[in-house]
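Data first, discussion second: the structure below is written as C-alpha cells.
The values are calculated or read from the model by the stated rules, or taken from the named source; none is laboratory data. Only a predicted model underlies this, so the values are computations on that prediction, with no experimental measurement involved. Ideal geometry is used to build each Cβ from the backbone, glycine not excepted, and the neighbour counts take in all protein chains shown.
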Amino acid sequence: MMRKMMFALALVGGTAPAMAQAAETKAKTADYEFSYAYPAAAARIAGLKAWLDADRSRIQAKAARDGAAGRRDAKQSGFPYNRYSFDKTWKVVTDTPRFLSLSADSYSFTGGAHGSPASHGLVWDKSAGRRLDPKAVFTSLPALQSAIRTDYCARLKAEQVKRNQGDLSSMNACPPVKDLTVLLGSTNGRAIDRIGLVADPYVAGSYAEGAYEVTLPVTRAVIGAVKPEYRGAFAARG
C-alpha cells in the first residue's frame, strides 16, 4: 500500500524517485536527426518530467513529419536532400528552495543557408507544483522593463561595441524585454538574485553576431516588479 501511495503522489506532480537520472533521446533516420536532453534535477520532479517528455515527443513528431515532407519535396524537385535536424538541451540555471530554474538552447535546420538557434527558459515553482514562464513571476513586462532597461541597454551596448569592433549592432540596438528570453539565477542557491536576458540572433544583432546574453543583479526596483507571492524567493544585490 505504501508503494502505491508514493507512486500516486509522483503522478500528480510530487517528487519522482531520488535516483532519477538525466534523460537524453537521440534519433537519426533518412528524414531527420533529433536530440533532446534534460538534467537529473528536472527528472526528479514528476510533473516537470512529464511536461519535458511531452515537449520532446511533440517536437520529435514534428521533426519527423517535416523531414519526411522535405525529403519528398526535394526528390520531386530533383534536388539533393539535406537531412533536417533539431536538438534541444535543458540545463540547470539554479535550484533554490522555491524554484528550479532551467535554460535551454535549441537548434533547428529545415534547409536553407543555415539553421535557427533559439533560447528558452522555465522555472518550476516547488511550492505550487507547477511550471512557469520566468516572465510570469513579474507583475508585467513593462514593470520589469522599467526596472532594468537603463542597466540592460548600457551593458548590451558595451557588448555590441566589443563584438562589432567599435560599432553598434546593425539590428535593434536595445530590444524590449518581450523579445528576450528571461532566466532566473542565483549566486548562492538560496534566493533569486540575478536575471539573465538572452537576445537570440536577429533580436539585438545579425545572425553572424550570435546571441547576446546579459546578466543583471536583482535590485530593489526589480523586486518591486515581482508579483507579491514570489517576492520572498528573491533577494536584492544592489
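Look through S127, S146, S119, S206 and report the one residue that is surrounded by fewer than 16 Cβ atoms within 10 Å (Cβ to Cβ), in contact (Cβ under 8 Å) with a residue 40 or more places away in the chain and either in the same structural domain as A42 (by TED's automatic domain parsing) or over 20 Å from L100 (Cα atoms) (or both). Just a single option satisfies the conditions, and that option is S146. Checking D95, D105, D66 one by one, the residue that is surrounded by fewer than 18 Cβ atoms within 10 Å (Cβ to Cβ) and touching a residue at least 60 places away in the same chain (Cβ under 8 Å) is D95 and no other. The test for being of a type in the set (G, A, S) and assigned to a helix (DSSP H, G or I) holds for A154.
Considering only residues in region 214-238 that are of a type in the set (D, E, K, R) and touching a residue at least 40 places away in the same chain (Cβ under 8 Å), the one that is nearest to S140 (Cα to Cα) turns out to be K227. One residue alone among K135, K126, K178 is at pLDDT 95 or above and touching a Pro at 6+ places or on another chain (Cβ under 8 Å), and that residue is K126.
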